[in-house]
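Rule-based calculations on the coordinates, nothing more; no lab input. Values in this document were obtained by computation on a predicted structure and should not be read as measured data. Note that each Cβ is placed from the backbone with ideal geometry, even for glycine, and that neighbours are counted across all protein chains shown.
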Amino acid sequence: MLSLAFAGPTVSAFSSSARVFGRRLATTSIPAISTEVTGEVGTESYRLQFKSDGSAISPWHDIPLGGKDGVYNMLTEIPKYTKAKMEVATKEEQNPIAQDIKKGNLRDYHGPIFWNYGCLPQTWEDPNETHPELKVNGDDDPIDVVEIGSKAIASGSVTPVKVLGVLAMIDDGELDWKVLAVDVNDPLASEYNDIDDVPETIKAG
């Protein structure tokens, strides 16, 4: 895996390999959303389903991205201090959150992570587009977000965040953007306005 330098606090830095799609990109307002668990936690059957006004929705396609005044909506998949590798199931109907599976096994991190991990709704890293400088294609997933605030955010939560920087990573030959952000309502949000404000210990992971 190759990690590259941080860029400034703008989503437009992602290049043509990252796509924005959907119907409601001009607003950060979040519709009334509820979640429902089906299956059993810690098994392949687990799903976190999403609803709005009583109807099933896709957290990937139907939650607005935002972007007004530099604030975007983050969908949390993996809360801080947990280790189960949860993700939006992009190949399933309505895209519930499920635990990732690799080689037939549920995936976990080696230990609890120290940030909230999720994605930007209505974004996609295009596997058919090659980055002009890095010469690799997108990983066919939503753009990832690493939220570095002081509190854990529940899986399935939609949180307005301020973008501080972006990191391009190459993982198994695919381009995988990581957005570094902070919850706009977190106490640290007043201290962090750019990647240069973030302590080196946090940027080092």
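Quick notes
- Within segment 118-180, GluC sites (Glu not before Pro) in DSSP loop having at most 14 other beta-carbon neighbours inside 10 Å: Glu133
- Between Leu134 and Ser150, the contour length at 0.36 nm per residue exceeds the alpha carbon distance by 2.4 nm.
- Other-chain or far-sequence residues with amide H under 5 Å of Ala56's (modelled H): none
- Amide H contacts under 5 Å for Gly66: Thr27, Asn73, restricted to partners 5 or more places along the chain or on a different chain, H placed in the peptide plane at 1.01 Å from N.
- Separation in nanometres of the label points that stand 7 Å from Cα toward Cβ, at Lys68 and Glu191: 2.9
- Restricting the chymotrypsin sites (Phe, Trp or Tyr not before Pro) of segment 25-125 to loop positions (DSSP other than H, G, I, E, B) with no more than 13 neighbouring Cβ atoms within 10 Å leaves Tyr81, Tyr109, Phe114.
- 14 Å cut-off, amide nitrogen to a point 7 angstrom out along Glu44 Cα→Cβ, residues in segment 87-117: 99-107
- Scalar couplings 3J(HN,Hα) for segment 111-120, obtained by applying the Karplus form with A = 6.51, B = -1.76, C = 1.60 to θ = phi - 60°, are x, x, 8, 10, 8, 8, 10, x, 8, 8 Hz; x denotes Gly and Pro.
- A simple spin-label model places the labels of Ile101 and Asp53 3.5 nm from each other, with each point 7 Å out along Cα-to-Cβ.
- The ranking of His110, His131 by Cβ neighbour count inside 10 Å, starting from the fewest, reads His110, His131.
- Set against the 2.2 N^0.38 Å expectation for a compact globular protein, segment 2-203 has a Cα radius of gyration ratio of 0.98.
- The loop-placed trypsin sites (Lys or Arg not before Pro) in segment 23-126, going by DSSP, that have at most 16 neighbouring Cβ atoms within 10 Å of their Cβ come out as Arg23, Arg24, Lys83, Lys91, Lys103, Arg107.
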